[in-house]
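Enquirer: Would you mind keeping the following structure in view while I ask a few things?
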Amino acid sequence: MKYLTKEWYELCQKTSFHLGLEEEKQAETFSQQFFQQLYNTELNNWLNLQEEVASLMKNNETVNTNDNIEYEPFNRDIAIEQFHEGFIYNQELLKKELPETILKQIADIRVFTLNKATRTVINAVAKFCEDNERSVTATSENYRRYLEEASDTLDKEIIGNFGFHDCTITKSVQKDMSLTLLLDNSGGFTNIDEVTFKNFKIIKQEGSLEDSWWLYEEVYKVNDEYEFHVLFHNNKMGLTDFIISAEYVSFKESC
C-alpha cells in the first residue's frame, strides 16, 4: 500500500476518542470514591438498557412466533461481567493509543474511560483526534486524486468493481496461472463474491489469505499489468499487506 497503509489505518482508529466526553470538575483529582460512584452509575445505566432490550426481544419473539430467533433472557450477572470486560478493554486501549502528554494530564484513567474529564483534557484529546482526522482525510484525498490522474490508463470496470471493504475471504483457489478469491460479501457493499486474477504474480503476502477481513485496496498500472494492493486484517497476524500483479482481473456476482 502506498497511501492507505497500516499506519494510515491505525491513525483512522485515533480520530474519535473525544466523542462522548463530558466535562467533570471532580475528574481533576484522583478519587476512589468518585470513581466507584461513577462506575456504579454507568453500570446501572447499562443494566437497565440491557434489561429493556431483552424485554423488547421477548415481546418481539411472542409476536413473531414463526421466526427462528432464539431469545436470550436477561441475565444480570452476565451483563455485569460484560460491562466490566468492556470497561477494562477500553481502558487498556486508551492507555495504548493516547499520547503520553495527554495521559499525564488525566488524574484517573478509569474516570476518563467512563467519559468524564476536565475541560483541559477534553480540549487536548479533541485536538489530537482532529489532527489525526485531517491527516487521514488528506491521505485519502491524495489517493483519490491519483485515481483521477490515472483514470485514462485504468479500466473503469476494474476500478468500479475492485472494492471489497468489509468482505471476508473464505477460500483462495489457484489453477494454472489464475488465482481466485472467494468472498463472503454479507458484510460488504458489493454483490461480487469471486475475483480472479489472471496470469498473476504475488509480489507480497503476509500470512494466509483465507479468513482475512478485507479493509482497503489500491490499484496501479505497472509495465502494462495491473498491480493490486490490499490491506487485510487477520485474526492471527493483525494488519497484513497483500500485493498481486495480473494481466487482467475478472469478477463474478452472487446469484
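Enquirer: Considering only DSSP states other than H, G, I, E and B, which chymotrypsin sites (Phe, Trp or Tyr not before Pro) in the range 165-255 qualify as loop sites with at most 10 other Cβ atoms within 10 Å? Before the final figure, lay out the partial values.
Expert: Details: sites: F189, F197, F200, W213, W214, Y216, Y220, Y226, F228, F232, F242, Y248, F251; in loops: F189, F200.
Filter output for the range 165-255: F189.
Enquirer: Any idea what angle helix 76-97 forms with the longest principal axis of the chain, computed on alpha-carbon atoms, 0 to 90 degrees, nearest 10?
Expert: The angle comes out near 70 degrees.
Enquirer: With contacts defined as alpha carbon pairs under 8 Å and 6 or more residues apart, what's the relative contact order of the range 6-135 in percent?
Expert: Working: 101 pairs, mean separation 66.7, N = 130.
Result for the range 6-135 is 51 percent.
Enquirer: Another question, if that's okay. Placing +1 at every Lys and Arg Cβ and -1 at every Asp and Glu Cβ, with all other atoms neutral, what dipole size does the chain have around its Cα centre, in debye to the nearest 20? Mind dumping the intermediate values first?
Expert: On the way: 25 positive and 45 negative charges, 137 e Å.
Dipole of the chain, to the nearest 20 debye: 660 debye.
Enquirer: Would you work out which of W8, Q82, S31 lies farthest towards the positive end of the dipole of the range 6-135, given +1 charges on the beta-carbon of Lys and Arg and -1 on that of Asp and Glu, about the Cα centre?
Expert: Among W8, Q82, S31, the one farthest towards the positive end of the dipole of the range 6-135 is S31.
Enquirer: Additional query: Measuring from a point 7 Å past the Cα of L182 along Cα-to-C-beta, which residues in the range 211-246 have an amide N at less than 13 Å?
Expert: 211
Enquirer: Follow-up. So how tilted is helix 119-149 from the main axis of the chain? Cα-based, degrees 0 to 90, rounded to 10.
Expert: Helix 119-149 sits roughly 10 degrees off the main axis of the chain.
Enquirer: Ok, one more. Farthest toward the dipole's positive end in the chain, which of L154, Y220, L103, given Cβ charges of +1 (Lys, Arg) and -1 (Asp, Glu) about the Cα centre?
Expert: L103
Enquirer: Calculate one ³J(HN,Hα) per residue across the range 226-238 by plugging θ = phi - 60° into the Karplus curve 6.51 cos²θ - 1.76 cosθ + 1.60, and present them in order as whole Hz with x for glycine and proline.
Expert: 7, 10, 10, 10, 10, 9, 10, 10, 10, 4, 8, 10, x
Enquirer: Summing -39500 (n - 2.57) over the DSSP H runs of n ≥ 4 in the chain and dividing by its residue number, what mean residue ellipticity at 222 nm do you reach, to the nearest 500 deg cm²/dmol? Present the calculation step by step, with values, prior to reporting the outcome.
Expert: Working: 7 runs with 107 residues, N = 255.
Estimated from H runs of four or more residues: -14000 deg cm²/dmol.
Enquirer: Another question, if that's okay. Just to be sure I understand: with springs between alpha-carbon atoms less than 10 Å apart, which residue in N199, N191, N60 has the highest mean-square fluctuation in the Gaussian network model of the chain?
Expert: N60
Enquirer: Put a dot 7 Å past each Cα toward the Cβ at V53 and N123; how far apart are the dots in nm?
Expert: Inter-label distance under the simple model: 3.6 nm.
Enquirer: Another question, if that's okay. Compute the acute angle (0 to 90°) between the alpha-carbon long axis of helix 32-63 and the principal axis of greatest extent of the alpha-carbon atoms of the chain; round to the nearest 10°.
Expert: 60
Enquirer: Loop by DSSP (not H, G, I, E, B), at most 12 other beta-carbon atoms within 10 Å: where is the longest site-free stretch of the chain for trypsin sites (Lys or Arg not before Pro)?
Expert: Working: sites that count: K2, K104, K236.
In the chain, the maximal stretch lacking such sites is 105-235.
Enquirer: When only Cα pairs under 8 Å and 6 or more residues apart are kept, what is the percent relative contact order across the chain? Could the numbers behind the result be given before it?
Expert: Values: 370 pairs, mean separation 51.0, N = 255.
Reported relative contact order: 20 percent.
Enquirer: Something else: For the charge dipole of the chain, defined by +1 on Lys and Arg C-beta atoms and -1 on Asp and Glu C-beta atoms about the Cα centroid, which residue among A54, Q174, N40 has the Cα displaced farthest towards the positive pole?
Expert: Going by the Cα projections, it comes out as N40.
Enquirer: Classify the range 156-253 from the C-alpha gyration tensor, please: rounded if a/c falls under 1.5, else prolate or oblate depending on whether a/b exceeds b/c. Don't skip to the end; give the middle numbers.
Expert: Values: a/c = 1.44, a/b = 1.21, b/c = 1.19.
Here the range 156-253 falls in the rounded category.
Computed from the coordinates by the stated procedures, all read-outs in this text should not be read as laboratory data. Because the structure is predicted, anything quoted here is derived from the model rather than measured. Counting neighbours? That spans all protein chains shown, and the Cβs are built from the backbone with ideal geometry, glycine included.
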